[in-house]
Structure formats: structure tokens, C-alpha cells
1. Give the carbon-plus-sulfur fraction of the accessible surface of the range 409-558 in %, rounded to a whole number; probe 1.4 Å, heavy atoms of protein chains only.
2. Taking the dipole about the Cα centre of the range 285-377, with the C-beta of Lys and Arg at +1 and of Asp and Glu at -1, give me whichever of MET329, GLN374, LEU301 is farthest to the positive side.
3. Would you mind calculating the relative contact order of the chain from Cα pairs under 8 angstrom and at least 6 residues apart, reporting the percent as a whole number?
4. What does the helix-only formula give at 222 nm for the chain: each DSSP H stretch with n ≥ 4 adding -39500 (n - 2.57), the total divided by the residues, and the result rounded to the nearest 500 deg cm²/dmol?
5. Can you give me the long-range amide H partners of VAL293? Hydrogens built in the peptide plane at 1.01 Å from N, cutoff under 5 Å, separation of 5 or more residues or another chain.
6. If you take the beta carbon distance between ILE248 and ARG161 as r and set R0 to 41 Å, what does 1/(1 + (r/R0)^6) give as a FRET efficiency, to the nearest 0.05?
7. Given R₀ = 45 Å, what would the calculated FRET efficiency be for LYS172 paired with LYS38, taking r from the Cβ atoms and rounding to 0.05?
8. Please report, in debye to the nearest 20, how large the charge dipole of the chain is about its Cα centre when each Lys and Arg carries +1 at its beta carbon and each Asp and Glu carries -1 there.
Amino acid sequence: MIQAIGASQGIAIGKSFVLPHWEWELPDQKIELADLAKEFDRLYEGIRRSKTEINQMKTELDEVVGSEEASIFDAHLAILEDPVFMNEIQGIIQRQYKVAEVAVKEAIDHFVTMFDLLDDEYMKERALDIKDVGNRLLKHLLGAPDISLPEDTQPFVLVVRELSPSQLVHLKPELVLGIVTMIGSPTSHAAIMARAFGIPMVMSVEGKLEQTISTGDLLIIDGGTGLLQIEPTSEMVARYTDLRKRQIAEKDQLLTLAKVPSVTPDGVPLTLAANISSLKELDAALSNGAEGVGLFRTEFLYMDRSHFPSEDEQFDVYRAVVQKLNGEMLIIRTLDIGGDKQLDYYELPEEENPFLGFRAIRFSLERKDLFKTQLRAILRASQFGDVQIMYPLITSVDEVREANEVLEEAKRELLAEGVPHNTLIKAGIMIEVPAAVAIADLLAEEVAFFSIGTNDLIQFTLAVDRMNEQINHLYEPYHPAILRMIRTVTKAAKAQGIPVSICGEIAGDVNALPIWLGLGIEELSLSAQAILPIKESMLRTKASDSRRLLEDVFRCKSASEVREITSQFRAELALAPGSVQPHM
């Protein structure tokens with residue numbers, strides 16, 4: 001059994017289909033000066049066909065998984081329109097008299113090699129996009145067919161060195177039971193699409209295999225834990241088949257709780273809101289019983305496209321979300337770009353430590369024109385429901401005041417234009433850095449609410465990059481320092497009378513639930529998949545018992561001690577007699 005990286009949850013059991021690692025080997029063909037115009041015509045025709053094909057795939061994908069995931073192909077279209085990439089190809093044709101396909105192949109190799117050398121996961125993923133687009137263009141120049149499967153192909157577990165979005169679409173996702181890649185990142189476009197399709201996926205198995213996987217090998221993959229088993233025993237197949245059935249049954253059972261109020265047995269409510277980045281994610285969250293949206297990640301409106309979204313484009317999306325919520329809360333986080341989230345069409349400065357650099361609210365306050373455009377779109381959408389604004393990566397009172405000045409300016413403009421909006425819209429902040437924790441009492445006087453962004457808070461407090469395999473074991477949500485910081489922020493919020501929520505992966509950890517109930521947290525902001533497991537546990541957990549447990553938690557000197565007592569608390573709940581009794 002191989003421990004890889006889980007990229008998309010679920011269990012898949014089936015025969016493998018190994019996709020060949022397709023590398024074009026082209027002879028170095030030359031042309032005569034008189035043939036230059038003809039070669040450019042071939043190139044432009046190949047580009048035209050590639051764009052037509054990409055747009056067709058985008059339309060088909062939009063109907064299946066939604067516009068947000070389909071917009072991945074906007075990045076591919078942008079590459080075909082990128083002057084740097086195109087100038088490289090044209091230059092090789094014009095200066096070296098090479099045929100179009102050789103020029104395209106050399107340009108692909110040049111950019112892929114350059115990006116692969118960078119110690120930047122985002123740029124490595126963009127290298128795969130360039131390779132994907134380039135291979136499509138080569139296919140049209142060479143007249144080569146798409147990789148296709150026989151008509152009688154049975155569902156399979158796809159095995160590939162690295163997977164592009166185009167390959168996944170062309171291979172008919174309905175036939176793919178699961179995916180194994182040798183290399184890749186859970187934030188890659190292929191991983192995003194696998195999650196959208198609900199296909200289990202494990203990644204980064206290169207260097208861990210003792211044997212080569214061949215087409216027809218029986219595989220088991222667990223996309224939740226990242227486990228891969230090649231040629232499992234019949235006993236193991238039976239065990240994972242049973243586990244898969246139980247996961248499906250448990251999911252079906254949890255769905256019965258979607259409409260049950262999220263209130264503890266002793267009558268304490270806890271709002272379970274969703275983290276989303278698209279309308280499709282909102283649909284999944286609402287079907288799981290989400291009580292509004294605690295975090296709408298707007299950066300995904302800006303990524304995988306060729307230009308900044310206009311005010312009207314943003315307004316249309318925000319309005320659609322708030323109308324679908326039908327009166328429930330919608331908290332829109334302003335643009336959180338930078339760090340690991342880059343834009344293809346806007347070059348952010350190269351930085352030694354991008355996570356500590358020009359990103360989030362810092363970018364917005366530097367580019368107030370873009371910031372105001374977003375705020376105007378949010379304000380316009382606020383007339384349709386309970387819309388609130390949240391600023392990311394705040395470190396000072398000055399940043400809050402400067403952001404609010406831009407907000408007030410946007411309000412004045414809309415008022416002068418006669419555009420309806422909520423003039424009393426609430427603005428809050430994410431608490432993500434130790435500086436914000438230290439001045440939480442001062443910040444509480446300036447804002448309408450806090451949302452504790454635990455993912456970044458843990459990284460910054462413990463000085464741990466969780467993507468760094470050498471030290472990611474030090475990324476510890478239950479570290480006493482983290483829990484004490486959360487307690488400090490909660491006390492500051494309560495003293496000022498403003499609500500506070502927990503956001504981040506630990507918000508969806510059922511073992512942490514009694515900590516939130518003990519602290520008196522009013523809201524958790526969760527992924528759609530985490531809402532029902534948390535609710536199921538909440539319906540069995542008394543707030544009074546949680547407050548008593550909290551005394552023990554804050555006496556702990558290590559994360560392992562905290563984990564032990566919270567796990568024991570949950571185990572005792574599971575053994576308690578009686579079933580879940582919803583508070584009515």
C-alpha cells in the first residue's frame with residue numbers, strides 16, 4: 001500500500017487504464033523563405049481550430065459541472081492569445097525557418113522548462129496548462145487524432161504521469177472511476193475538475209512505486225487518505241468495497257439532517273455557514289443544510305481568465321448567489337490574491353516570501369481602482385439580501401480605516417448615480433495573523449464582526465509552511481498557542497458585542513467542536529462536505545459539557561494532550577445511549 005496525496009475524496013476500485021506519456025518527437029524540418037506566409041497561415045488556422053475546440057469543451061463542461069470549473073479553459077484561451085507565447089513561436093518560424101509544429105514544440109519546451117525550474121507550485125501548474133494548449137495546437141498542425149478509448153471500454157481507474165483538464169474531458173469522465181497521477185498538486189486544474197466531477201483522486205506517487213502500474217492491474221484508491229493499493233488481495237477488495245458502501249450509506253444518513261436546526265441538546269444554536277467559490281459549490285452547500293455563506297472566495301472570479309472582471313460581471317455573480325440564498329447571510333471576502341494565487345494577466349512582483357508579501361488587502365489598498373470596482377459590485381448586490389463585506393489579512397486599525405474609506409467613497413458614488421444599495425452594509429475582517437490577535441480589542445471597535453482564518457493563523461503563528469513536506473508535521477491546529485489566540489479573539493469580540501466565527505479546516509474537525517461550543521462561538525464557516533458531520537456531532541454535544549471540557553483543554557501543555565482529551569470526549573459521546581435527538 002502506497003501513501004500518496006489525496007486530492008479528491010472517495011474510494012475507487014477497478015482495473016487501471018494507463019494513459020501513455022505522450023511526448024512529441026518531431027524532425028527539425030526547415031522551410032524556404034518563400035513558404036513563410038504559408039507556414040504562418042497554417043499556424044493561425046491551428047490556433048483558430050484550437051480556440052473553437054476549447055470553447056466547445058467549455059460549453060459542454062459548463063452544463064455538467066458549472067461555469068466556475070468550466071472557466072478553467074479561459075486560461076487555455078488566454079495562452080493562445082498571449083503575445084509572449086505567440087511571439088516565441090512566430091520568432092522561431094521567421095528567424096530559423098522552421099515549420100510551425102517544430103516552432104510550437106520548441107516554444108512549449110522552452111516555457112515548460114523555465115516554469116519547472118521555478119520553486120513555485122502555481123507556475124508549475126501553469127506549465128502544464130501551456131503543455132496542454134501546445135499539444136492541442138500540435139494535434140491540429142499534425143492532423144493527429146485525440147486519445148480515445150474503444151467503444152466497449154468498461155469504467156477504469158485512470159493512471160497518468162500528469163493530467164491535463166483536456167485529457168479528463170476527452171476521456172469521458174463518466175467512465176473514470178478514479179485517478180492516479182505520478183506528479184501534481186491538489187490545487188491543479190485537473191484536481192479541481194476531479195472534485196467537481198466527484199472522481200476520487202490520489203497524486204504524487206512517483207518515487208513510491210516498487211512496481212510499474214500496467215493497464216489492466218486492479219487498483220484501490222482512497223482519495224480521502226491518499227492511499228493506493230496495487231493488485232490488492234480479495235480480502236482487501238472486500239474490506240474497501242464494504243468501506244465504500246458504508247461511506248455512501250453514512251452520507252445518505254447525514255442528508256436526513258440537512259433541514260434539522262443546528263442546536264445543541266441543551267438549546268445552544270451554532271450557525272453552520274458554507275465556504276464557497278462558485279454557484280455550484282453553493283448548490284452543494286445548501287443541499288447539505290448550510291445556513292448562509294460565511295466565506296465567498298472572490299479571487300476565483302479573477303483567476304483563470306484573460307482580464308480583470310468588470311463591475312457588472314462581478315455584480316451578476318454576487319446577485320445570483322444572494323438571491324439563491326433567499327434571505328440567508330452572504331459574507332463576501334474581498335480579493336485575496338497573491339501568495340499561492342496568481343493572475344495570468346497581471347504580473348505580481350517576484351518575492352522571496354510571497355505569503356508575507358504583496359497580497360490580499362495590501363494589493364487592494366495599492367490598487368484602489370480595482371478595489372472600488374469590487375466594492376461597488378458588492379454594494380449593488382446588497383439590495384437583494386443580507387450581504388456583508390470581509391477584508392482579508394488585516395494587521396492594523398489603519399488598514400481597516402483605509403479600506404472603509406474606499407467603501408464610503410463607493411457608497412457616495414452609487415448614491416450620486418441613483419443606484420440602490422444597502423448604505424448600512426456590515427464590514428468585518430479576517431483574523432489571520434498574530435498582529436491582529438494582539439490588537440483584537442482595538443480592531444473590534446472598528447468592525448462589525450470577526451472571522452478567525454485558522455489556516456493562515458496557524459502557519460504564521462507556528463512559522464510553518466504546510467506545503468513543505470519537511471516540516472508540515474509541525475502544522476498543528478491543536479497547538480496550545482493557537483487555541484489561546486482563538487480564546488483571546490473571542491473574548492475581545494464578546495466584550496465589544498460583535499459576532500465571531502471560526503473559518504478554516506479545523507472548523508470542520510468534529511473533535512474540535514466542543515472547543516467552539518465551550519468558547520461560545522456563534523458560527524462556523526465550513527466546506528460543504530463538513531457541514532453535516534459537524535451537525536450530527538453537534539446534535540449530541542451539550543454546550544454545558546463543552547464548557548467543562550474547555551477547562552481541561554486550556555490546562556494542556558501540548559497539542560497531543562489536547563487531541564487526546566477531545567478524542568476521548570467524542571468517543572464517550574459515541575458510546576452514550578440513545579440516538580441523535582434534534583432540539584426542536
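The values are calculated or read from the model by the stated rules, or taken from the named source; none is laboratory data. Everything quoted here is computed from the prediction, not taken from an experiment. No Cβ is skipped: glycine too gets one built from the backbone with ideal geometry, and neighbour counts run over all protein chains shown. The protein model used for the area step is the full one, side chains on, heavy atoms only, and it has no ligands, DNA or RNA in it. Shrake-Rupley method; radii C 1.70, N 1.55, O 1.52, S 1.80 Å.
1. The C+S portion of the solvent-accessible surface of the range 409-558 is 51 percent.
2. The residue sitting farthest along the positive end of the dipole is MET329.
3. 14 percent
4. Theoretical 222 nm ellipticity from helices: -15500 deg cm²/dmol.
5. ALA274, MET329, LEU330, ILE331
6. After rounding to 0.05, the efficiency reads 0.85.
7. Result of the calculation: an efficiency of 0.75.
8. I would put it at about 1620 debye.
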